[in-house]
1. Could you compute the net charge surrounding ASP113? Neighbours are other residues with a C-beta less than 11 Å from the C-beta of ASP113; K and R count +1, D and E count -1.
2. Taking only protein heavy atoms and a 1.4 Å probe, what accessible area per residue, in Å², does the stretch 48-147 have with all protein chains in place?
3. For VAL306, what is the net charge nearby, where nearby means another residue's Cβ is under 13 Å from its Cβ and Lys, Arg count +1, Asp, Glu -1?
4. Can you compute the helix-only [θ] at 222 nm over the chain? Use -39500 (n - 2.57) per DSSP H run of at least 4 residues, normalise by all residues, nearest 500 deg cm²/dmol.
5. Can you give me the accessible area per residue for the stretch 169-324, using a 1.4 Å probe, in Å²?
6. Looking at the chain, do any whole DSSP H helices span at least 30 angstrom along their long axis by alpha carbon and average 0.0 or above on Kyte-Doolittle, and which?
7. What order, most packed first, do the peptides 130-138, 239-247, 210-218 have when packing is the mean number of other Cβ atoms within 10 Å of each residue?
8. Using a 1.4 Å probe on the protein heavy atoms, what percent of the accessible area of the chain belongs to carbon and sulfur?
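The values are calculated or read from the model by the stated rules, or taken from the named source; none is laboratory data. Quick caveat, the model's predicted, so the values are computed rather than measured. Backbone-built Cβ (ideal geometry, glycine too); neighbour counts: all protein chains shown. These accessible areas exclude ligands, DNA and RNA; they are computed on the full protein's heavy atoms, side chains included. Shrake-Rupley method; radii C 1.70, N 1.55, O 1.52, S 1.80 Å.
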Amino acid sequence: MDRTSRVLAMSGGIGGAKLALGLARVLAPGQLTVVVNTGDDFEHLGLAISPDLDTLLYTLAGLDDPQRGWGRRDETWAFMAAFEALGGETWFQLGDADLATHIERTRRLKAGDSLTAITEDFRRRLGVTSQLLPMSDDPVRTRVRSAGVWIEFQDYFVRQRCEPVISGIAFAGAEQARPQADFMAALADPNLFAVVICPSNPLISIDPILALPGVRTALRATAAPVIAVSPLIGGKAVKGPTAKMMRELGKGSSAAAVAMRYREFIDAYLIDEMDAADAVALDVPVTLAPILMRNLADRERLARIVLATADRLATQKNAKQHGARPR
């Protein structure tokens with residue numbers, strides 16, 4: 001892989017951000033582009049909140065809170081305390097430093113700037129060398145169905161702590177939304193080395209991206225290998241409701257079940273060594289790896305395994321094109 005090569009990652013929040021950080025650290029500055037789910041975005045207290053974008057922004061800038069997994073480290077909470085004293089809703093926590101991000105984003109959106117332009121400015125100001133792209137500049141909103149009622153995603157995820165049993169998921173606005181232009185251009189770039197589907201919740205982090213018109217087709221058509229990393233280990237999510245949601249929707253809750261959701265466009269799949277038995281049921285090349293990312297070294301190691309898998313696939317493809325037997 002030379003320095004002109006690019007890697008495109010598709011990510012949700014916490015789990016995806018861990019691998020994105022590993023990729024950013026092992027790649028040269030500017031080689032990584034991360035396309036981020038915006039189906040979780042919503043308006044709260046009159047502010048435009050982009051939870052997954054902000055998680056990626058803070059993580060890649062070294063500003064994330066490693067204990068909570070969201071928000072900024074060394075955060076203070078004077079605003080929330082004062083707001084609660086006045087009777088304000090506090091189910092969605094906004095730290096003082098984090099609040100600045102939402103206020104400035106909201107101001108600039110109202111002034112006519114795109115979410116892409118705002119995110120680009122934020123990442124440059126915070127010293128992030130990887131490109132961050134919202135999946136679309138058009139609004140897409142994830143909703144879940146429970147007991148016959150559609151619930152806004154953040155209400156379900158944060159206020160109700162994922163407790164309702166769900167029977168459906170919808171991405172309002174996805175059919176009309178346009179995929180971010182640089183995202184689609186990257187998939188057609190001849191210098192694209194790999195597409196990485198990060199270990200994010202497939203139902204609410206990756207599916208909103210895939211629901212945008214043309215994205216699945218572009219993934220099938222890209223010349224670069226598409227590699228997915230399982231978000232489940234031993235049928236359980238490291239963090240979040242992935243396994244619970246998949247079971248409730250009758251999708252199964254195994255690493256193999258996740259791979260089946262991506263089977264039309266992935267060229268390889270990384271699963272944890274604990275799930276080796278799942279590899280038998282898959283008709284896609286599988287790489288076994290320790291995918292639990294406890295620390296920075298784990299993130300970098302997994303990133304290198306992903307890139308090595310992409311390199312191996314590219315070598316095999318080149319050998320087939322030239323009539324040689326892959327080594």
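1. After counting each charged neighbour, the total is 0.
2. On the way: 4670 Å² over 100 residues.
With the other protein chains kept in place, the stretch 48-147 gives 47 Å² per residue.
3. On the way: positive: LYS18, ARG25, ARG299, ARG301, ARG304, ARG312; negative: ASP267, ASP298, GLU300, ASP311.
That works out to +2.
4. Numbers: 11 runs with 116 residues, N = 327.
Calculated at 222 nm, the ellipticity per residue is -10500 deg cm²/dmol.
5. Working: 6890 Å² over 156 residues.
Solvent-accessible surface per residue comes out at 44 Å².
6. Helix filter hits for the chain: none.
7. With the highest mean Cβ count within 10 Å placed first, the list reads 130-138, 239-247, 210-218.
8. Working: 7520 of 14830 Å².
That share works out to 51 percent.
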